[in-house]
Amino acid sequence: MRKPPLPDPAAAPSEDGFVELDDDSYAPPADLDGDGPPRPRVPAPGASRPPGRSRVTLIAGAGVVLLIGAALLAYRAHHRHQALQAGMQRAEELIRLDTAAGYREAADLLEPLAALDPLEAASLRAYALAALHVDYRDDGAGAQAEALLVEPGRAAEVPRWASLASGMLALSRRSLGDATAASAAAQGSPFADALQARIALAAGSLAAAADAAQAAAADRALPAGLALHGDTARRARGDAATARAAYAAALTASPTHPRAAYGLAKLALAGDAPAADAVKALERLTADAAGTPAPERARAALHLAALRIRAGDRAAAAAALDGAGLAPGARDWAGRAAEVEARARGPYRAVAGAPPSVSSACDDDPAVVAAVLPPEPRPEPPPRPAPVRKATAAKAAAKAGTRKTATPAKKPASRTAAKRTSRTAR
């Protein structure tokens, strides 16, 4: 901006004291006379912006936000679906083991998933808890299963696992009719066939149990069905070969399966399977303190002790029973029962009167033998001595020869002959 020229000091002031300036003494600034750069315009108060560009910008921004949100929701739903599927698949693998440890791990795995899926995942968790209640006497698990089944039971289509869980709980109450109806609702599953076999065993119908167990055993990766098939083949048909193969397959799929280990021991006690195979399975079960409950381990120790008594190793038999940690009364019963099992011959028969600490729902052969030791067999009498002969063969022969050569003595004449002789002489 140009500065105005200073007045000439020599110029004389006017009368009133002011100096007169000419027209060129002051020049306006460049930004006022149009020579400077243009200044931005400030909209007047109340003036509106151009509507087109602002609206498009807002719509575009909102669309981007919506797209990002939809993508996040879709990813979250996909991730949740994948997590549900993976968790349920793993839980079913654990449930297939048909062991206490498998059911517990499956129930723990499904606990957060049941909150995400109150139908399918909750039903599967209810089945795991129901099995813990029925087979391993976990009352708390049974109550949790009942609570989980409320919402699936109200669904338009009840999930299959919910029907199976309801059937297991009904079996625990001995409500065999309700259990059968629930099993029929889950028809088409090998788990339903296994449940039906157990219902038939509880009802005492071995023939019906055999058919259902055979159907369940068609799934070679289902130890529950295989072990039940072994039980029915052994008890209903006396088919030791089929039973042994079924038990072995179940133990291959689930090495600490209680029913299969007990079944193999019963075959060995009946003389229908090698004792070594049964001992190995029972020892594995008794050593599984972390995964197998105490009553199932004590039941395995009972059969193991019987086999060791049969083999003549009473010290090992006592060690097996002592390792079960039984109370004195239960320990006394187990010792007598093991002795009874060891002395018995023929098909296996369960000993009656088992205390709860030596009882298992996985060993459900009917108890028909008292835990009373049979009397010791009487020793065989010594053989009778051979009779002593009075004369040897040589003496007998000599006597026989003497009798032949000896001249018989003359008999005295009779009175009649003497009379005849005297008459002739006359």
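Any read-out appearing in this document is the output of simple, stated calculations on the displayed coordinates, not a laboratory observation. Since we're looking at a predicted model, the values are computed, not measured. In this analysis, Cβ positions are derived from the backbone assuming ideal geometry, glycine residues included, and neighbour counts consider all displayed protein chains.
Got a sec to turn the phi values of the range 179-184 into Karplus ³J(HN,Hα) couplings, 6.51 cos²θ - 1.76 cosθ + 1.60 with θ = phi - 60°, whole Hz, x for Gly and Pro?
5, 5, 5, 5, 5, 5
Order these peptides, 348-354, 190-196, 219-225, by their mean beta-carbon neighbour count within 10 angstrom, highest first. Don't jump to the answer; show the numbers that get you there.
Numbers: 348-354: 18.3, 190-196: 24.9, 219-225: 22.7.
Top to bottom by mean Cβ count within 10 Å: 190-196, 219-225, 348-354.
Can you sort THR286, THR180, THR99 by how many other beta carbons sit within 10 Å, fewest first?
On the way: THR286 22, THR180 18, THR99 28.
If I rank by nearby Cβ atoms, fewest first, I get THR180, THR286, THR99.
Using the Karplus curve 6.51 cos²θ - 1.76 cosθ + 1.60 with θ = phi - 60°, what ³J(HN,Hα) values do you get for each residue of the range 272-289, in whole Hz, with x for Gly and Pro?
The phi angles translate into 9, 7, x, 5, 4, 5, 5, 4, 4, 5, 5, 5, 5, 6, 5, 7, 8, 5 Hz.
Can you tell me the equivalent ellipsoid semi-axes for the range 255-373? Use √(5λ) from the Cα gyration tensor, largest first, whole Å. List each step's numbers first, then the result.
Values: eigenvalues 60, 54, 40 Å².
Taking √(5λ) for each eigenvalue gives 17, 16, 14 Å, largest first.
Using per-residue counts of other Cβ atoms within 10 Å, averaged over each peptide, order 360-369, 149-158 from highest down. Display every interim value, and only then the final one.
Numbers: 360-369: 17.0, 149-158: 13.7.
Descending mean neighbour count gives 360-369, 149-158.
How large is the convex hull of the C-alpha atoms of the range 128-280 per residue, in Å³? It would help to have the intermediate numbers written out before the result.
Working: hull volume 15.8 nm³, N = 153.
Taking only Cα atoms, the range 128-280 has a hull volume of 103 Å³ per residue.
How are the C-alpha pair distances of the range 87-187 spread across 10 Å bins, as whole percents from the shortest bin up?
Taking every Cα pair in the range 87-187, the percentages come to 19, 54, 27, 1.
Defining a contact as two alpha carbons under 8 Å apart and six or more residues distant in sequence, what relative contact order in percent does the range 87-187 show? Before the final figure, lay out the partial values.
Working: 151 pairs, mean separation 22.1, N = 101.
So the answer I get is 22 percent.
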